[in-house]
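Written out below as structure tokens is the structure these notes cover.
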Amino acid sequence: MRIYTYLSKKVGDLTIKYSNFPESYVKRSFEQVYWRTPKGYPQYTDAEVSRKKFRFTTNRPWTGAFARQNERGTLRKKVFVEPIKEWSFFKGDRVEILVGKDKGKQGIVAQVIQERNWVFVEGLNTHLRVVGKDKEFPGIVVQNEAPLLVTTDVKLVDPESLKATEVEWRYTEDGEKVRVSVSSSRIIPIPKAAEETTDYKSKELYIENPEKDTTADEAAKITFSPKLRTFEMDIMEEMGIKEDRVPAMSYWY
Amino acid sequence: MSFSLLRIIGRSTVTACTHLKNNTASLGVIFNSKIHTTGVRNDLMEFFDIKKNWNETDIKVGRAWKLDELRIKSNADLHMLWYVLLKERNMLYTMEHECNVNVRLFPNPERIDKVQESMNNIETVVRERNVAYYQLETGETGEQPVDDVINMFGLPEKYHRKEYHLPSFMNTRWVRPYLEHGYINSVSVKKFLRLYKEKLYNTKRKAKNRDFNHVQQLLKRFPNMDMDALKAAYPDVDLEKAKQSKKSRGHYVPKY
């Protein structure tokens, strides 16, 4: 399940999926390297001085807000995050809240922050915040959702009984991995909203950039036919480059 | 076939689209028109993006080419795509530099990573094909031979052999491998290795202690946590020992 092994400890794979960025870009967008030994010189062993501790919040790692929150010299208290075997909460899921003032209510997951084991449920578990208060102006009251821990504060809702239930990951007969409700053994499908990224709501709705993109059916066209030739031999033949000189004897050491 | 892809690719089609819907209408137009009209500009302005994008703040593109998409393409197509990507990468680096000079934000810097990933994947596919050919014809991979050697600090290193027209015993200018210098038996190398090993051991020891303390704190905060997940995340930590410890007890009097 874990594809991004290098970043698995830091950035959640759902975050990378949501960003729709290459993994290497996510990495270089938030890393802070202060010193790195030059590459390719025998006198240096690989060494790097960089920031190791980052505070992950609702600010996504590639944003400026994240960089400001983790500025050089800022140190914040360590956050303990419970390890989870397999993540089973996705955007668009119906969940029941087990704690707080909205205990027992059901709602739709609006945001998932995997690095902190957080989900935000739309319109539930909220608090009021006064924004823009001034000497003359009393400010505006805004309602904000507070995060909920997936380990203890929320449970997925069974599609049959509409009650909170534990879930398990199992395989169907076709070999597909699915979430199954423990109480009724019904499959809980992963919602369409989980596909959403910063670029599009779902894959079908992506609009091609005619200047930069290869069209999907052009990319799917098969032009390869196996030949007993190396890449270079094939290209030379294609371009009409004839080479019949015999290379001199050479030694590899 | 090889040229049709170029025609579709046009000037700088670099990314494969993520969506799967058909787009034959616009495609047909491009196929039918024998004359390719997107500007061929053989001047230095090819290092810059098209003028339309100069003031853009968000230039959305698809994802990088995947290995499986490249494996179905002919060598000629890969060759062409490589140069399309190379030009695009040069363009992106130029635009990034230009943005930095003018103190402006470079739009969508992840495009560089996407192009680079596609180029790496092309290289992998070409290498796969060549290795297959050489394995079939000669029984060897045909790649540059790599040896495991001990370097002059006494540390293991990969030595990439190079091609010479003289055999090694005749080649006086060639520096022999480190091993034959006898450096790795010298006092200074031995001292270096001893200290280096101590350093490595210390980092390992500290990581072990750090993990153990972290697990204790986790147990204290989440007494009902999934022990299998904890074991999977910290395989080197002795969980029973951590549970017994005073640090893992929360602010309550134990029942036993």
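The values are calculated or read from the model by the stated rules, or taken from the named source; none is laboratory data. For clarity, every value in this text was computed on a predicted model and none was experimentally measured. Cβ sites come from the backbone with ideal geometry, for glycine too, and all protein chains shown count toward neighbours. Protein only, heavy atoms only, side chains kept; ligands, DNA and RNA dropped before computing areas. Shrake-Rupley method; radii C 1.70, N 1.55, O 1.52, S 1.80 Å.
Are any of the pairs A:LYS39/B:LYS162; B:LYS158/B:LYS206; A:LYS91/A:LYS201; A:LYS17/A:LYS85 more than 22 Å apart by Cα-Cα distance, and if so, which? With Cα atoms farther than 22 Å apart: B:LYS158/B:LYS206. Shape of chain A from the C-alpha gyration tensor: prolate (a/c of 1.5 or more and a/b above b/c, with a ≥ b ≥ c the square roots of its eigenvalues).
Summarising the label geometry, the points placed 7 Å from Cα in the beta-carbon direction at A:ASP217 and A:ILE190 lie 2.9 nm from one another. Counted residue by residue at 0.36 nm each, then reduced by the alpha carbon distance between them, the extension gain from B:ASN185 to B:ASN42 reaches 45.5 nm. Per residue, the protein assembly as shown exposes 65 Å² of accessible surface when a 1.4 Å probe is rolled over the protein heavy atoms with every protein chain present.
Largest GNM mean-square fluctuation across A:TYR25, A:TYR206, A:TYR41, computed for chain A with C-alpha springs under 10 Å, falls on A:TYR41.
Calculate the FRET efficiency for B:ARG127 and A:SER161 from the Cβ-Cβ distance with a Förster distance of 51 Å, rounded to the nearest 0.05. Step by step, r from the Cβ atoms, then E = 0.40.
How much FRET efficiency would the formula 1/(1 + (r/R0)^6) give for A:ASN144 and A:GLU176, where r is the Cβ-Cβ distance and R0 is 41 Å, rounded to 0.05?
0.65
Within the shell of other residues whose beta carbon sits under 12 angstrom from the beta carbon of B:LYS199, the net charge comes to +4, with Lys and Arg scored +1 and Asp and Glu -1.
The modelled label-to-label distance for the pair A:PHE137/B:THR141, using points 7 Å beyond Cα in the direction of Cβ, is 6.5 nm. When the surface is traced with a 1.4 Å probe over the full set of protein chains, B:ILE72 keeps roughly 40 Å² accessible. Computed over the protein assembly as shown, the alpha-carbon pair-distance distribution with 20 angstrom bins reads 15, 41, 36, 8, 0, each value a whole percent. Placing +1 on the Cβ of every Lys and Arg and -1 on the Cβ of every Asp and Glu, with no other charges, gives the protein assembly as shown a dipole of roughly 2920 debye about its Cα centre.
Specify the inter-centroid distance of segment B:111-188 and segment A:185-253, based on alpha-carbon positions, in whole Å. Computed from Cα coordinates, the inter-centre distance equals 27 Å.
Report the local net charge at A:TRP252: Lys and Arg +1, Asp and Glu -1, summed over other residues whose C-beta lies under 14 Å from its C-beta. Could the numbers behind the result be given before it?
Values: positive: B:ARG161, B:LYS162; negative: B:GLU140, B:GLU143, B:ASP147, B:GLU163.
Local net charge: -2.
Roughly how crowded by other chains is peptide B:215-222, in terms of the mean Cβ count from those chains within 10 Å of each of its Cβ atoms?
2
By the gyration tensor of its Cα atoms, with a ≥ b ≥ c the square roots of the eigenvalues, what is the shape of segment A:1-79: rounded for a/c under 1.5, prolate for a/b over b/c, or oblate? It is oblate, given that a/c is not under 1.5 and a/b is not larger than b/c.
What's the FRET efficiency of B:TRP54 with A:TYR34 using the Cβ-Cβ distance as r and R₀ = 25 Å, to the nearest 0.05? Could you put the intermediate results ahead of the total?
Values: r = 34 Å, r/R0 = 1.36.
The pair B:TRP54/A:TYR34 has a calculated efficiency of 0.15.
Here the Gaussian network model covers chain A, with springs between Cα atoms less than 10 Å apart; of A:GLU195, A:GLU208, A:GLU243, A:GLU243 fluctuates the most. In the complete set of protein chains, residue-level accessible area for A:ILE108 is approximately 60 Å², probe 1.4 angstrom. Fully extending the segment from A:PHE224 to A:SER183 would add 9.7 nm, taking 0.36 nm per residue of separation and subtracting the current Cα-Cα distance.
Computed over chain A, the per-residue total of -39500 (n - 2.57) for DSSP H runs of n ≥ 4 gives a 222 nm mean residue ellipticity of -3500 deg cm²/dmol, rounded to 500.
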